[in-house]
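Q: Mind looking over this structure? Questions follow.
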């Protein structure tokens, strides 16, 4: 069962401005990455459902977060069906992120009052998701749409909360473009938790990069 309500999670997303995301099949590496991000100030993490037995890694990871990292809100990403969403929620996922909008996922998440963030790529999809109770829309792939798309959406729908994922980096010009356009937060994967960091296990650098990115976002906003 989720440790945090959907309102608590979306509020943390608004306050932090960033949701780091990653996947790794080794639980030791996953724990070290989560701890480095936590020590850098992150209080959100999206563990992506991208490998065999990912649910087993997630289950161990969230137990670790609950026991050792107070305030860390761990959720799951890359969920493509309601059965998988239900499975992760039973394991304690605090939020569910999907690459597309699916009504069946909305229903199972709403039933448990767990925050779900669907990947949308049109104003119609966004409006439909919001009609289903979506608090925060994932713009995916962000690199395809860009900040201009966000700014255009915020015109007729200023109430819409958007989190672009894909095409987001820790460079000031990139982050400023997104936040000036009106995003609520950004999802950041390989541009933050890079392949090089994972291979070298340079968790001190990851901690430093997370802290610097959060500080930059706070300055920009």
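Q: May I ask you to list the residues in region 145-155 that are surrounded by fewer than 15 Cβ atoms within 10 Å (Cβ to Cβ) and either modelled with pLDDT under 95 or under 18 Å from the mean Cα position of the chain (by Cα) (or both)?
A: 155
Q: Same structure, new question: Which residues, taken from region 78-96, are over 19 Å from residue 20 (Cβ atoms) and not in a helix (DSSP H, G or I)?
A: 80, 81, 91
Q: If you take the residues of region 197-221 that are modelled with pLDDT of 95 or more and under 12 Å from residue 175 (Cα atoms), which of them is surrounded by the fewest Cβ atoms within 10 Å (Cβ to Cβ)?
A: My answer is 219.
Q: Hey, another quick one. Give region 1-49 a look and list any residue that's surrounded by fewer than 16 Cβ atoms within 10 Å (Cβ to Cβ), modelled with pLDDT of 95 or more and assigned to a loop (DSSP other than H, G, I, E, B), or say none.
A: Across region 1-49, the qualifying residues are 5, 25, 26.
The values are calculated or read from the model by the stated rules, or taken from the named source; none is laboratory data. Since the model is a prediction, treat every value here as computed from it, not as a measurement. Neighbour counts run over all protein chains shown; Cβ positions are idealised from the backbone, glycine included.
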